[in-house]
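Comments concern the structure below.
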Amino acid sequence: MREVVLDTETTGLDVLAGHRIVEIGCVELLNHVPTGKSWQTYLNPQRENEREAFEVHGLSDSFLSRQPLFRHKAEEFLAFLQDSVIIIHNAEFDLKFLNHELAQHGFDRLSGERAIDSLHLARSIFPGQPNSLDALMRRFGIDATARTRHGALLDAELLAQVYLELKGGRQADLAFVADPGAEKGKVAGTVVAVQLPARPARPHQASPEELARHKAFLDQIEDALWRRSDG
């Protein structure tokens with residue numbers, strides 16, 4: 001099963017007020033195992049950041065003005081997503097911004113049904129407790145020292161670790177392993193067969209020589225327990 005962990009950064013919190021996406025970051029999982037594949041882009045929002053948003057992600061208006069427009073990266077973004085399940089923390093927020101951009105440029109919207117909201121998942125596991133990404137990283141002991149500011153790709157990588165903990169730990173399911181001979185991007189749904197050298201069955205009955213050595217060993221032990229069972 002392929003999943004994509006996704007995060008965005010924006011110029012502000014309200015898409016209806018004209019705020020736009022400035023960064024998208026994606027991380028690939030296969031059968032709950034990070035593959036090391038990711039996709040990231042900065043975007044020109046064609047508007048200024050709100051001061052609060054800049055303080056969160058640190059992407060200046062000058063830097064963003066030199067980045068590609070969303071419509072120039074949309075096909076590449078959708079190609080990375082494929083038809084995979086999408087993992088998002090507070091999915092409603094990110095999907096609202098992504099679908100606004102996609103609809104503006106004639107692309108199909110991303111269905112909420114294909115998204116797993118890790119915030120909702122965390123609330124079901126830890127009801128009444130703080131379940132922000134920061135709080136969950138602290139709870140699971142995930143190292144976030146590299147996170148001096150929010151960044152979509154870094155946050156997606158951290159969210160991937162949090163999500164795997166929420167699903168029961170970062171140990172891969174031993175029943176499903178990547179098949180190195182499979183088509184690129186595919187994962188086998190069964191255990192991959194491993195060719196081992198044929199070996200004859202090991203005999204379990206002791207040989208006369210082994211019985212003799214065992215008797216000699218018992219002769220050295222006073223009142224050996226094994227001798228009691230013989231009689």
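Of all residues being assigned to a loop (DSSP other than H, G, I, E, B) and surrounded by fewer than 21 Cβ atoms within 10 Å (Cβ to Cβ) in segment 1-19, which is nearest to the chain's Cα centre (by Cα)? Just the residue, please. Walk me through it before giving the result.
Restricting attention to segment 1-19, the residues satisfying the condition of being assigned to a loop (DSSP other than H, G, I, E, B) are 1, 11-14, 18-19.
Pick out the ones that are also surrounded by fewer than 21 Cβ atoms within 10 Å (Cβ to Cβ) and you get 1, 12-14, 18-19.
Details: Met1: 12, Gly12: 27, Leu13: 26, Asp14: 28, Gly18: 31, His19: 28 Å.
The residue in question is Met1.
Residue check: is Leu29 over 23 Å from the mean Cα position of the chain (by Cα), among the hydrophobic types (A, V, I, L, M, F, W, C) and outside any helix (DSSP H, G or I)? Please lay out each step first, then the result.
Numbers: over 23 Å from the mean Cα position of the chain (by Cα): no; among the hydrophobic types (A, V, I, L, M, F, W, C): yes; outside any helix (DSSP H, G or I): yes.
Here the answer is no, as Leu29 does not meet what is asked.
Within segment 117-124, is even one residue surrounded by fewer than 17 Cβ atoms within 10 Å (Cβ to Cβ) and in contact (Cβ under 8 Å) with a residue 40 or more places away in the chain?
no
With respect to the numbered conditions (1) free of Cβ contacts under 8 Å to residues at least 12 places away in the same chain; (2) among the aliphatic types (A, V, I, L, M); (3) surrounded by 14 or more Cβ atoms within 10 Å (Cβ to Cβ), which one is the sole condition not fulfilled by Ala79?
(3)
For Ala115, all conditions in the list (1) at pLDDT below 95; (2) under 16 Å from the mean Cα position of the chain (by Cα) hold save one; what is the number of the exception?
(1)
Quick test for you: out of Glu23, Glu55, Glu75, Glu28, pick the one residue that is within 20 Å of Leu133 (Cβ to Cβ) and out of contact with any Ser or Thr (no Cβ under 8 Å at 6 or more places or on another chain). Full working, then the answer.
Details: Glu23 fails: out of contact with any Ser or Thr (no Cβ under 8 Å at 6 or more places or on another chain); Glu75 fails: within 20 Å of Leu133 (Cβ to Cβ); Glu28 fails: out of contact with any Ser or Thr (no Cβ under 8 Å at 6 or more places or on another chain).
None of the other options fit; the residue is Glu55.
Take the residues in segment 82-108 that are without any contact (Cβ under 8 Å) to a residue 40 or more places away in the chain and not in a helix (DSSP H, G or I), then tell me which one is nearest to Glu157 (Cα to Cα).
Only one residue fits best here, namely Asn90.
Residue-by-condition table, conditions (1) assigned to a loop (DSSP other than H, G, I, E, B); (2) within 23 Å of Glu3 (Cβ to Cβ); (3) modelled with pLDDT under 95:
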{"site": "Pro45", "(1), (2), (3)": "yes, no, no"}
{"site": "Val56", "(1), (2), (3)": "no, no, yes"}
{"site": "Arg66", "(1), (2), (3)": "yes, no, no"}
{"site": "Leu78", "(1), (2), (3)": "no, yes, no"}
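If you check Gly169 against the conditions, is it at pLDDT below 50, part of a loop (DSSP other than H, G, I, E, B) and out of contact with any Cys (no Cβ under 9 Å at 6 or more places or on another chain)?
On the way: at pLDDT below 50: no; part of a loop (DSSP other than H, G, I, E, B): yes; out of contact with any Cys (no Cβ under 9 Å at 6 or more places or on another chain): yes.
When the stated conditions are applied, Gly169 does not pass them.
Touching an Asp or Glu at 6+ places or on another chain (Cβ under 9 Å), part of a loop (DSSP other than H, G, I, E, B) and either at pLDDT below 65 or of a type outside the set (A, V, I, L, M, F, W, C) (or both), is that true of Arg202?
On the way: touching an Asp or Glu at 6+ places or on another chain (Cβ under 9 Å): no; part of a loop (DSSP other than H, G, I, E, B): yes; either at pLDDT below 65 or of a type outside the set (A, V, I, L, M, F, W, C) (or both): yes.
No.
Do the conditions hold for Leu159, that is, is it surrounded by fewer than 12 Cβ atoms within 10 Å (Cβ to Cβ), in a helix (DSSP H, G or I) and modelled with pLDDT of 70 or more? Spell out the reasoning first.
Values: surrounded by fewer than 12 Cβ atoms within 10 Å (Cβ to Cβ): no; in a helix (DSSP H, G or I): yes; modelled with pLDDT of 70 or more: yes.
Here the answer is no, as Leu159 does not meet what is asked.
Only one of (1) modelled with pLDDT of 95 or more; (2) over 17 Å from Leu29 (Cβ atoms); (3) surrounded by 16 or more Cβ atoms within 10 Å (Cβ to Cβ) is not met by His150, so which one is it?
(1)
The values are calculated or read from the model by the stated rules, or taken from the named source; none is laboratory data. Note that the coordinates shown come from a computational prediction; the quantities given were computed from them, not determined experimentally. Here Cβ is always computed from backbone atoms with ideal geometry, including for glycine, and neighbour counts include all displayed protein chains.
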